[in-house]
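Here the structure comes first, spelled out in structure tokens, and everything after it is commentary.
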Amino acid sequence: MAELRINAKWMASTSGEPEVMATAAWVDMYVDNISLTRNQDIWAETVRDNVFVSAYPLAMWFASSWWRLNHEPLPTQQPGHDWRMVHELGAANHGFVWPRVVFIPDGEAINVWAGASMTPEQSVQYLQALEVPRMITLSGFQQSVERFIHSVLARLDAKGLAGSNLAQLWALVQEDSAHPEALRRRKLEAELGFDPEECPEQALDAALVWGSQVGDAALSELAPAIAASGASPDLALIGQLASAGGIVGNPDISPDSIDHLDHGAPWERAIHDARALRHKMGNVSDPVPDRSLHDLLGMSSEAAANWSVPAGRSPVAVAIPLNDHQLKFVPRRRNPVGRRFELARFLGEYLRPSTHEARWLASTDLSTFRQKYQRAFAAEFLCPIDSLTSFLGGDFSSYAIEEAAAKFDVSEQTITNLLLNNGYIHQTWTEGMPYRMAA
């Protein structure tokens, strides 16, 4: 995991509001040894790793965005203006030019993207880009930002400006963080896409009730996925899933059936676990038949084949505990290949070590840590990358990909993603950012 560092070297200034003027500084921001603030000052004709700005608006942006910045994942569609204002550093604004940096939480870490910003009319042009996003532990990110905010507050105190809006806002954040029930409400509001106390209270109370039924971990997956779909924030869809029919399974394995990797990125842990399970099965490289997958989940192949997805397009699929051993699987994929991949995702999620008993399993299209783990597990379990590349023999044409998809009984998109993620083929457009920034 990477480390975030934000530093301010205080300087004198004669313009701006009192708090802005008092916190004029050379500010630098690093992810490990990479300066995200490395810039070219067009007027001064210099290149530096820090930039002359006021630290106050940056600290205010971190404080006002705190809950959503820490808990609101990237939506499945192009994010809207409201989302971008609390995740893109440029929203700190206040007349200053800020680097093109995006912070996105995934439930266990903060993912950081950075791109160069070379707008011709700007006096400061940022030069640094990250080729791939860097992951910072959630606690590490919080500690780094807290240190920066406290340094700004200390500067304001020294300048006789105690009691600023920043001080009041940060006191509220700390107060909520210290009280478990308030913390739970702020976190769920953020997952639903709301700023503190802006979610309708009746809807928030209704959503909180589901936590006791599905478990807080599952609620953190279901809430943002359902909210992003445009459904009501009271999460009534969960009740519909609870009462829906499903495929009953009684898995004949348990999380302690395999050794797990307890560190690393979600895809690293997932690949390790998928390979460990295949080794236990005695099938390291061959395609996994449907019956083997169904047997692992303890479900009837006939029941799986005959399952009919309810009308409508659900943003989530779930597996609901019926007792100590049985689960009711409620898939959402209609085509057999998609259903097979979805069940493999549930298998990976079921095998994840957890302190939560009788927890719901949730599968969504979001990019949280759990969902990234599920997708990587299912891909490696159904189509091991070594077996795939051996089958392709260096031919990455669309025809070869189509044949590989048929052999391993996965979608062509799964094959393409495996080849992309393992560096065998390359995407033609990403700009190094998680979404189209020009929108």
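Within segment 359-382, is even one residue at pLDDT below 95, of a type in the set (A, V, I, L, M) and open to solvent by 10 Å² or more (accessible area, probe 1.4 Å)?
no
Of these, GLY264, GLY245, which one is over 22 Å from SER308 (Cβ atoms) and surrounded by fewer than 21 Cβ atoms within 10 Å (Cβ to Cβ)?
GLY264
Conditions tested, residue by residue: (1) touching a strand residue (DSSP E or B) at 6+ places or on another chain (Cβ under 9 Å); (2) modelled with pLDDT under 95; (3) closer than 28 Å to LYS372 by Cα.
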residue: MET1; (1), (2), (3): yes, yes, yes
residue: LEU4; (1), (2), (3): yes, no, yes
residue: SER13; (1), (2), (3): yes, yes, no
residue: LEU36; (1), (2), (3): yes, no, yes
residue: SER54; (1), (2), (3): yes, no, no
residue: LEU69; (1), (2), (3): yes, no, yes
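Among the listed residues ALA92, ALA63, ALA8, ALA22, identify the single one that is buried (at least 16 other Cβ atoms within 10 Å of the Cβ), at pLDDT 95 or above, in contact with a Leu (Cβ under 7 Å, 6 or more places away or on another chain) and more than 30 Å from LEU366 (Cα to Cα). Walk me through it before giving the result.
Numbers: ALA92 fails: more than 30 Å from LEU366 (Cα to Cα); ALA63 fails: more than 30 Å from LEU366 (Cα to Cα); ALA8 fails: in contact with a Leu (Cβ under 7 Å, 6 or more places away or on another chain).
None of the others qualify; the one that does is ALA22.
Quick check: anything in segment 305-314 touching a residue at least 40 places away in the same chain (Cβ under 8 Å), within 27 Å of ALA218 (Cα to Cα) and under 30 Å from the mean Cα position of the chain (by Cα)? Spell out the reasoning first.
Let us first name the residues in segment 305-314 that are touching a residue at least 40 places away in the same chain (Cβ under 8 Å), namely 307, 310, 314.
Filter again for within 27 Å of ALA218 (Cα to Cα), leaving 307, 310, 314.
Cutting the leftovers down to under 30 Å from the mean Cα position of the chain (by Cα) gives us 310, 314.
Yes: one or more hits.
Any residue in segment 318-332 that is crowded, with 20+ Cβ neighbours inside 10 Å, touching a helix residue (DSSP H, G or I) at 6+ places or on another chain (Cβ under 6 Å) and within 19 Å of ALA274 (Cβ to Cβ)?
Taking every residue of segment 318-332 in turn, at least one turns out to be crowded, with 20+ Cβ neighbours inside 10 Å, touching a helix residue (DSSP H, G or I) at 6+ places or on another chain (Cβ under 6 Å) and within 19 Å of ALA274 (Cβ to Cβ).
Looking at segment 327-434, what helices (runs of 4 or more DSSP H) fall wholly within it and have at least 2 residues that are hydrophobic (A, V, I, L, M, F, W, C) and free of Cβ contacts under 8 Å to residues at least 12 places away in the same chain? First the steps, then the outcome.
Details: elements: 336-351, 369-382, 385-392, 398-408, 412-421.
Helices (runs of 4 or more DSSP H) meeting the threshold: 398-408.
Among all residue pairs at least 6 apart or on different chains, which show Cβ distances below 9 Å where the first residue, located in segment 169-184, is closer than 21 Å to ALA207 by Cβ and the second is open to solvent by 90 Å² or more (accessible area, probe 1.4 Å)?
Cβ pairs passing all conditions: ALA182/GLU175.
For segment 213-228, name all the residues that are open to solvent by 20 Å² or more (accessible area, probe 1.4 Å) and not in a loop (DSSP other than H, G, I, E, B).
Of all residues in segment 213-228, those open to solvent by 20 Å² or more (accessible area, probe 1.4 Å) come to 213, 215-217, 220, 227-228.
Selection gives GLN213, ASP216, ALA217, SER220, ALA227, ALA228.
Under 8 Å between Cβ atoms, which residue pairs at least 6 apart in sequence (or on different chains) link something in segment 5-23 that is touching a residue at least 24 places away in the same chain (Cβ under 8 Å) and part of a helix (DSSP H, G or I) with a partner that is hydrophobic (A, V, I, L, M, F, W, C) and open to solvent by less than 70 Å² (accessible area, probe 1.4 Å)?
PRO18/LEU161; GLU19/LEU156; GLU19/LEU161; GLU19/LEU166; ALA22/LEU156; ALA22/LEU161
In segment 174-203, how many residues are within 22 Å of the chain's Cα centre (by Cα) and open to solvent by less than 60 Å² (accessible area, probe 1.4 Å)? Can you show your working first?
We begin by selecting, within segment 174-203, every residue within 22 Å of the chain's Cα centre (by Cα); these are 177, 183-196, 199.
Of the ones still in play, those that are also open to solvent by less than 60 Å² (accessible area, probe 1.4 Å) are 177, 185-186, 188-196, 199.
Of the residues in segment 174-203, 13 are within 22 Å of the chain's Cα centre (by Cα) and open to solvent by less than 60 Å² (accessible area, probe 1.4 Å).
Could you figure out which of (1) touching an Asp or Glu at 6+ places or on another chain (Cβ under 9 Å); (2) open to solvent by 10 Å² or more (accessible area, probe 1.4 Å); (3) within 30 Å of ILE238 (Cβ to Cβ) isn't true of PRO105?
(2)
Mind checking whether some residue in segment 277-293 is more than 30 Å from ARG134 (Cβ to Cβ), touching a Lys or Arg at 6+ places or on another chain (Cβ under 6 Å) and either open to solvent by 60 Å² or more (accessible area, probe 1.4 Å) or at pLDDT 95 or above (or both)?
Our first condition is that a residue be more than 30 Å from ARG134 (Cβ to Cβ); within segment 277-293, this holds for 278-293.
Those still in the list that are touching a Lys or Arg at 6+ places or on another chain (Cβ under 6 Å) too: 284.
Add one more test, that the residue is either open to solvent by 60 Å² or more (accessible area, probe 1.4 Å) or at pLDDT 95 or above (or both), and what stays is 284.
Yes: segment 277-293 contains one or more residues that are more than 30 Å from ARG134 (Cβ to Cβ), touching a Lys or Arg at 6+ places or on another chain (Cβ under 6 Å) and either open to solvent by 60 Å² or more (accessible area, probe 1.4 Å) or at pLDDT 95 or above (or both).
Look at GLU146 and say whether it is among the acidic types (Asp, Glu) and at pLDDT below 95.
Details: among the acidic types (Asp, Glu): yes; at pLDDT below 95: no.
Taking the combined requirement at face value, the residue does not satisfy it.
Could you say which residue among ALA162, ALA231 is open to solvent by 20 Å² or more (accessible area, probe 1.4 Å), of a type in the set (A, V, I, L, M, F, W, C) and under 23 Å from THR368 (Cα atoms)?
Values: ALA162 fails: under 23 Å from THR368 (Cα atoms).
Just one listed residue meets the conditions, ALA231.
Can you tell me how many residues within segment 41-60 are open to solvent by 10 Å² or more (accessible area, probe 1.4 Å), touching an Asp or Glu at 6+ places or on another chain (Cβ under 9 Å) and among the β-branched types (Val, Ile, Thr)?
1
The values are calculated or read from the model by the stated rules, or taken from the named source; none is laboratory data. Every value quoted in this text rests on a predicted model; they were computed, and no experiment measured them. Neighbour counts run over all protein chains shown; Cβ positions are idealised from the backbone, glycine included. Ligands, DNA and RNA are stripped out before the accessible areas are found, and what is left, the full protein with its side chains, is counted by its heavy atoms. Shrake-Rupley method; radii C 1.70, N 1.55, O 1.52, S 1.80 Å.
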